[in-house]
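Following: one structure in structure tokens, then a few remarks.
The values are calculated or read from the model by the stated rules, or taken from the named source; none is laboratory data. The model shown is predicted, which means the values in this text are computed figures rather than measured ones. Virtual Cβ from ideal backbone geometry, glycine too; neighbours counted across all protein chains shown.
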Amino acid sequence: MNHRTAGERLFDIGNNAFMLVLMFVCLYPFWYVLAASFSDPAWIAETRGMIWLPHGLSLESYKAVFNNPIIMTGYLNTLFVVAVGTFVNVLMTALGAYVLSRSHFMMRNPIMFLIVFTMFFNGGLIPNYMVVNGLGLVDNLWALILPVAMNAFNLIIMRTAFQSVPVSLEESARLDGANDFTILFRIVLPLSMPVVAVMILFYGVAHWNSWFNALIYMRDRGHYPLQLILREILISNSTDSMTANSGGNKLQVALTIKYATIIVATGPILILYPYLQKFFVKGVMIGAIKE
Amino acid sequence: MPPPLNAKPLPVQAAIPLQPLPSSVKSAQKRGFRFRLVRDFRVNRYLYLMILPVVLYYAIFHYAPMYGVQIAFKNYSPGTGMLDSPWVGFQYFREFFNGFYFGRLIRNTLLLSAYDLIFQFTAPILLAFLLNELRNAAFKRVVQTVAYLPYFISLVVVVGLMVDFLARDGLINDVLATFGVERHAYLSEAGWFRTLFVSSGIWQNVGWGTIIYLAAIAGIDPSLYEAAKVDGAGRWKQNLHITLPGIGSTIIILFILQIGSLMSINSDKILLMYNTATYSTADVIGTYVYRKGILEASFSYSAAIGLFNSVINFILLIVANSVSKRVSETKLW
């Protein structure tokens, strides 16, 4: 590596420069939004081009966001779906992964085939909607949880992880009279905590970011999760309901409210991200081994 | 024999196999084969009990919709119910094939998928090579961490940022205007839609997509590189003759999967990004099904389109897999 040719040196310089540009492109949008959200709304309204630092520190837009009842109910709905949904996801995936990793289970291959088949073929949007509607789940937050109660890809990841738990541990527990529930919850799961962490993160982030099912299944705005409210504010551009109680400079506040809402909605992920990302990477690796 | 004496212990014996107590195991060991059979059934019964919710979930939320897809061949109305609605055969399929929007929907769907395949599929492979060439491990880690970040941001926020930055008086127009570029309302111009769709997709997914390739590169035997160096191969040649073949099977697997979803381009994101001004390039099968089915409640018609889409995808997947099986050793199944 010490004797590099001139061409390789030039390439290294170009490559490093490219990576710096890449990082800038990935990070700057968030920095812009963060700086703008804390800035004086009047200043943002007249500023053109790039922003590097907040100007005239102001919390006005955050006040408007936190005083807005519809954003707060959206937040609560999302928290409910993330908490309950992720719990259901991990429980279902663990049950499925455990049973389908038992080599002595007769129905293992037929069930596995039926599950994998759903990864490549599905009934489509309308038949799915009709099933959820037929169960009376429309306009019920459980419609955001039950139809996505587990994911075949994650099941495969977890099954792969369970298969690496030493069989001897299971056998000795069985001699002590342990049943499969005990073996799963007392032995296999505790020994697979890294993959459980990965599952919690995969499912949790998916629930946090999901919006399309809510668009189809939710009617009452009081049941909207955060992402649907965000869609109204950011994409349909309707901040009217929000600026109603913010006094005089409505138009100016409307601009910065958008940025504050993005920060409020993305904040939990941005804050947790540095700690979480190594787990995510691990999850992809486990899946990749099997693929 | 007085029957009452015999009758009493029977219910107790019947209850023994249900109790997971060690004492019952001891007392019943004498019973030999019959008990082992019951015990075996009991052990497996826990497994059946555990898999029950999973099977129910797949039956209700995956296979029931597949059964329900029969409404594509029926004149379904919610009042009559699925089973009593009259059969109409392929009427809705014909209606779709002869419909005004058929050509446009197919073209848009295939073009967006093709651009995705050309640019979004290859970008992570290229980036993985470039990341692999970084000499400073700490710097490489920082770049990776930063590049994965956009993957975790919700589509709503990503498109929301685009709406804001790409507006006529938004950040990107402001910056471009200083270089004398004319201002555009990019998201309202049909000509820009595909470019914006694909480039924002690359922005969000390129970093994350490298993980699987970097894992494959890490799995290549280092002695191969040593041997190549002895033979005088530079870094370019090493990449071409060792790294690329080393991750070839990973690329092929992901390529087959990508082909299998050629007709199911991410319509979630299009729903967020498009508007009536950009329908001519943005409207795809998925978004059309949403508008017809959910907004206009034409259940049978949109179920037929959805089924057509699923079947094409499935056929493509099978074809891609068998072609790959023949051409290379790599296959999905």
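For the stretch B:283-297, the count of residues that are assigned by TED's automatic domain parsing to the domain that holds B:LEU112, charged (D, E, K, R), assigned to a helix (DSSP H, G or I) and more than 22 Å from B:THR122 (Cα to Cα) is nonzero.
Scanning the stretch A:43-82 for residues that are among the small types (Gly, Ala, Ser), surrounded by 13 or more Cβ atoms within 10 Å (Cβ to Cβ) and farther than 15 Å from A:LEU255 by Cα returns a single hit, A:GLY74.
Within the stretch A:168-205, the set of residues being assigned to a helix (DSSP H, G or I), free of Cβ contacts under 8 Å to residues at least 12 places away in the same chain and among the small types (Gly, Ala, Ser) comprises A:SER168, A:SER172. The set of residues in the stretch B:100-124 that are touching a helix residue (DSSP H, G or I) at 6+ places or on another chain (Cβ under 8 Å), surrounded by fewer than 18 Cβ atoms within 10 Å (Cβ to Cβ) and among the aliphatic types (A, V, I, L, M) comprises B:ILE106, B:LEU111, B:LEU117.
When you go through B:GLN91, B:GLN70 one by one, which is the residue that is more than 11 Å from chain A (Cβ to nearest Cβ), surrounded by 15 or more Cβ atoms within 10 Å (Cβ to Cβ) and free of Cβ contacts under 8 Å to residues at least 40 places away in the same chain? After ruling out the rest, the residue left standing is B:GLN91.
Can you find even one residue in the stretch A:118-137 that is at pLDDT below 95, buried (at least 18 other Cβ atoms within 10 Å of the Cβ), under 26 Å from B:ALA72 (Cα atoms) and of a type in the set (Ser, Thr, Tyr)? Among the residues of the stretch A:118-137, at least one is at pLDDT below 95, buried (at least 18 other Cβ atoms within 10 Å of the Cβ), under 26 Å from B:ALA72 (Cα atoms) and of a type in the set (Ser, Thr, Tyr), which makes the answer yes. Of the residues screened, B:LEU187 is not one that is more than 9 Å from chain A (Cβ to nearest Cβ) and surrounded by fewer than 20 Cβ atoms within 10 Å (Cβ to Cβ).
Considered as a group, the residues in the stretch B:128-154 that are within 7 Å of chain A (Cβ to nearest Cβ) and within 23 Å of the chain's Cα centre (by Cα) include one that is nearest to A:PHE212 (Cα to Cα), and that residue is B:SER154. Among the residues of the stretch A:101-146, which ones are of a type in the set (A, V, I, L, M), more than 9 Å from chain B (Cβ to nearest Cβ) and not in a loop (DSSP other than H, G, I, E, B)? Of everything in the stretch A:101-146, those that are of a type in the set (A, V, I, L, M), more than 9 Å from chain B (Cβ to nearest Cβ) and not in a loop (DSSP other than H, G, I, E, B) turn out to be A:MET112, A:MET119, A:LEU141, A:ALA143, A:LEU144. If you scan the stretch B:73-110, which residues turn out to be over 15 Å from B:ASN309 (Cα atoms) and of a type in the set (A, V, I, L, M)? B:MET82, B:LEU83, B:VAL88 - these are the residues of the stretch B:73-110 that are over 15 Å from B:ASN309 (Cα atoms) and of a type in the set (A, V, I, L, M).
Looking at this structure, is B:LYS325 in a helix (DSSP H, G or I) and in contact (Cβ under 8 Å) with a residue 40 or more places away in the chain? So B:LYS325 fails the test.
Any residue in the stretch A:35-56 that is within 24 Å of B:PHE152 (Cα to Cα), within 12 Å of another protein chain (Cβ to nearest Cβ), touching a residue at least 60 places away in the same chain (Cβ under 8 Å) and among the hydrophobic types (A, V, I, L, M, F, W, C)? For the stretch A:35-56, residues within 24 Å of B:PHE152 (Cα to Cα), within 12 Å of another protein chain (Cβ to nearest Cβ), touching a residue at least 60 places away in the same chain (Cβ under 8 Å) and among the hydrophobic types (A, V, I, L, M, F, W, C): present.
The rows are residues; the columns are (1) on the phi > 0 side of the Ramachandran plot; (2) surrounded by 16 or more Cβ atoms within 10 Å (Cβ to Cβ); (3) small (Gly, Ala, Ser).
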residue: B:ALA277; (1), (2), (3): no, no, yes
residue: B:TYR288; (1), (2), (3): no, yes, no
residue: B:SER300; (1), (2), (3): no, yes, yes
residue: B:SER328; (1), (2), (3): no, no, yes
residue: B:LEU332; (1), (2), (3): no, yes, no
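Considering the conditions (1) touching an Asp or Glu at 6+ places or on another chain (Cβ under 9 Å); (2) surrounded by 22 or more Cβ atoms within 10 Å (Cβ to Cβ); (3) modelled with pLDDT of 85 or more, A:ASP180 is excluded by exactly one of them, (1).
Once the stretch B:259-282 is narrowed to residues that are under 19 Å from B:ALA167 (Cβ atoms) and in a loop (DSSP other than H, G, I, E, B), the residue that is nearest to the chain's Cα centre (by Cα) is B:TYR274.
Yes/no per residue for (1) within 13 Å of chain A (Cβ to nearest Cβ); (2) under 21 Å from the mean Cα position of the chain (by Cα); (3) in contact (Cβ under 8 Å) with a residue 12 or more places away in the chain:
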position	(1), (2), (3)
B:PHE197	no, yes, yes
B:SER200	yes, yes, yes
B:ILE212	yes, yes, yes
B:LYS237	yes, no, no
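Checking B:ILE106, B:ILE60 one by one, the residue that is of a type in the set (Val, Ile, Thr), in a helix (DSSP H, G or I) and either within 13 Å of chain A (Cβ to nearest Cβ) or over 28 Å from A:GLY123 (Cβ atoms) (or both) is B:ILE60 and no other.
What about B:LEU214, is it closer than 30 Å to B:GLU133 by Cα and part of a helix (DSSP H, G or I)? Yes.
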